[in-house]
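I have placed the structure first, in the form of structure tokens, so that the comments after it can refer back to it.
Just so it is clear, none of the values below were taken in a lab; they were calculated from the coordinates. Since the structure is predicted, the reported quantities are computational estimates derived from the model, not experimental observations. Counting neighbours? That spans all protein chains shown, and the Cβs are built from the backbone with ideal geometry, glycine included.
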Amino acid sequence: MSHVSLTGDWLLVNQKLCDIVGYNKEELLKLSFQQITHPDDLSSDMAFVEKMLRGEIQTYSLEKRYIRKDKSHVWINLTVSLVKDSSGLPLYFISVIEDIHKRKKMESQLRGIHGEMEQIIEKRTAALKIEIAERKRAEKERNSFYDLSSDLIAIFGYDGYLRAANPALRKCLGYTEKELTSRRFIEIIHPEDLDRTLEISAEFRKTGRFAGMENRYLCKNGNIVTLSWTVTGVPEDDCIYTVARDVTDIRRQELEIAEQKLKIAANSKMNALGRMASGIAHEINNPLTIVYGQTSALKKLAEEDFVPKSKIVTIANSMEKMCERIVRIINGLRTFSRDATNDPLEFYSAGKLLNETLSFCHGRIQSFEIELAVDEVSEEFEFYCRPVQISQVLLNLLNNSIDAVKSLDSKRIQIRFVVENEKIGFSISDSGAGIKKDHIPNLFTPFFTTKEIGIGTGLGLSIAKGIVDAHQGNIYFDTASTETCFVFLLPRVSK
Ligand SMILES: Nc1ncnc2c1ncn2[C@@H]1O[C@H](COP(=O)(O)OP(=O)(O)O)[C@@H](O)[C@H]1O
Ligand SMILES: [Mg+2]
């Protein structure tokens, strides 16, 4: 508390004030308030003083700093009023000074902390903004992925209820999301696939393992679709994320192709048999003509008075031989036309197998006047094989060679017996025009044919390869040969 002159000099100061500013009374009384007021705070104080002297205000309060004797500054709260004489002339000011330095310091500290906090918050907010933008972008991406994907995406709970189905899945099944989410998904599974689906789902819930699954669904419009599933589970979220593909068309096509293949394979056999038929007719015709001739010979003999028994026996023997030949051919044909896939492997004379096979196509070879050269095969060589199948291989190769030469001037087919390391087999070469270089890689591919529809099936070589492979043998087009030459070899097995 103090009295201050109208010009600012200290007139009366108490000890409290002296303590605040660090001067003793004598020192302070020599100074004015202007001298110890912080320069930055002086003008606002002076403005109040002037207002008060003009009579505009009766009193004022303000927080300001004094400069202490030790040059440090101290915050105080100043409340001033003016003492006037009886005629209203100003005499002096009474100032009440309160030390608010501690509060100010705390305030400033608080402001500092506040500022720091604000900075931190600002930084954090900026980071959050980026994070939110990033999340929004990711979410948008996810959403458009979910909405636009042609894959069928669904989210299930572990209770088997569908939580969400993307537009592709809804479109595929023909149900609205509400129709799908309001019942257990298994209700629209094809009854025949239900047990298996439940088994796989239970296994997945138990172990988290999912080995893949395909099952059929009943669409709203009555169609049936086959879906192939990929599944990921997040048990802690009670969510199973699934992606499915509609494989209905693929599976149907596969089925059709398999059926078609079976048909064609059957056809190809019929085709081979058909070609054999003309040869066989020829083959049977020969012995039949002989038998027929011999029946006339017998009839003639019967007209004679004396017939030596030996003559009859000779004719009968010859007839018997011819009949045996016919029986052999017919048996061979019967054997050939049946499925030999499950026949047991047996030792079978290579020479015998060759001759039997040739008997099926001798007729064709003769009728086209093809020159046929065949190696003599020693009795010691035996295939360990399913004879009917190997005969089919040989016949396929022979038929190809016949096709290749039949309309040429020079018609030759050569069959050689091949012994190579631990393998034995046949090579069939012909004087045909050969095979174009870019056809070579396709020769053993099913359905590769250069022949007219109805004549070629493109299955002969692929079936032959299948058979030879199953015998652990090999079959190949011999590019080293000067003529068109195919070779097949089977392992030589000792008894
Ligand atoms: N000896 C051959 N000479 C020329 N081309 C051949 C010969 N053998 C096979 N080919 C070719 O290989 C193709 C496939 O033969 P193959 O699988 O037996 O089927 P297909 O005889 O029904 O056409 C034939 O169409 C033909 O182009
Ligand atoms: Mg063929």
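A few notes on this one:
- FRET E, pair Ala297, Glu452, Förster distance 51 Å, beta-carbon r, rounded to 0.05: 0.65
- With contributions of -39500 (n - 2.57) from each DSSP H run of at least four residues, the per-residue ellipticity at 222 nm computed over the chain stands at -16500 deg cm²/dmol.
- For segment 256-491, the alpha carbon positions stretch 73, 40, 39 Å along the principal axes, listed from largest to smallest.
- Cα-based reach from Lys123 at 17 Å (exclusive), listing aspartates and glutamates while leaving out same-chain residues under 8 positions away: Glu131, Glu134
- Given their separation in residues at 0.36 nm each and the Cα-Cα distance between them, His439 and Leu262 gain 61.3 nm when the chain is fully extended.
- The chain, relative contact order [Cα under 8 Å, separation at least 6], %: 7 percent
- At full extension, Glu139 and Ile312 could sit 52.0 nm farther apart than now, given 0.36 nm per residue minus the alpha carbon distance.
- Structure note, pairs Lys352/Lys406; Lys129/Lys171; Lys69/Lys102: Cα-Cα distances above 30 angstrom occur for Lys129/Lys171.
- For segment 233-247, 3J(HN,Hα) computed residue by residue from phi via the Karplus equation (6.51, -1.76, 1.60; θ = phi - 60°) reads x, 10, x, 5, 9, 6, 10, 10, 8, 9, 10, 10, 10, 7, 10 Hz, glycine and proline entered as x.
- 12 Å beta-carbon shell around Ser61, net charge (K/R +1, D/E -1): -2
- FRET efficiency, Leu12 to Ser108 (Cβ-Cβ, R0 51 Å, nearest 0.05): 0.95
- Charge dipole of the chain about the Cα centre (unit charges at C-beta), most positive-ward option of Ile475, Leu255, Leu395: Leu255
- Percent RCO, i.e. relative contact order, over segment 2-99, from Cα pairs under 8 Å lying at least 6 residues apart: 28 percent
- Each eigenvalue of the Cα gyration tensor of segment 2-99, multiplied by 5 and square-rooted, gives one semi-axis; in descending order these are 22, 15, 11 Å.
- Counting 0.36 nm for each residue step from Phe381 to Gln253 and taking away their Cα separation leaves a gain of 41.5 nm.
- Plainly put, the chain has a radius of gyration that is 1.62 times its Kirkwood radius, both from alpha-carbon atoms, as the Rg/Rh ratio.
- Computed label-point distance, nm, for sites Leu408 and Asn221 using a 7 Å Cα→Cβ extension: 5.8 nm
- Three principal axis extents describe the C-alpha atoms of segment 352-407; from largest down they are 36, 21, 15 Å.
- Close amide H pairs (under 5 Å, H built 1.01 Å from N) link Leu31 with Trp10, residues at least 5 positions away or on another chain.
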